[in-house]
Amino acid sequence: MGGDEFVIVLEELLQADVLHLVGQAVLNAIANPITIDKIKIKAGASIGAAMAPIDGETMPSLIKAADQAMYQAKLAGKNKIFYARNLKKHLNVPVTQENISA
């Protein structure tokens, strides 16, 4: 992981749609501008998401899958979520709420 990257671990997450909701909540929280010394600061994020056991069974394999998905999210533009399972399916489009159950 690089200096501007972090990991969020959600234990016992059973549904991909919950993962999407958490990812969207993170994007929304990061998008809220903050003011420091009267200077408004805005940030954005690219999220790569992975779920066990679909994308890996060990923490290193899940982090690797999420990292690869994050780079796809960056390619798709700012404030995107990309799912590692799409890499496995060779789909180069981020999952949306409409097709998350696919």
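Please work out the Kirkwood hydrodynamic radius for the stretch 16-88, using every pair of different C-alpha atoms, and report it in angstroms with one decimal place.
Working: mean 1/r = 0.0771 Å⁻¹.
Result for the stretch 16-88 stands at 13.0 Å.
Straightening the chain between K78 and N28 buys 16.8 nm, computed as 0.36 nm per residue apart minus the Cα-Cα spacing.
Per the Debye calculation on the stretch 1-56 with a single equal scatterer at every Cα and no solvent contribution, log₁₀ I(q)/I(0) for q = 0.18, 0.19, 0.28 Å⁻¹ amounts to -0.73, -0.79, -1.22.
No value in this document is a laboratory result; all are computed from the given coordinates. Remember, it's a predicted structure, so these values are computed and weren't measured experimentally.
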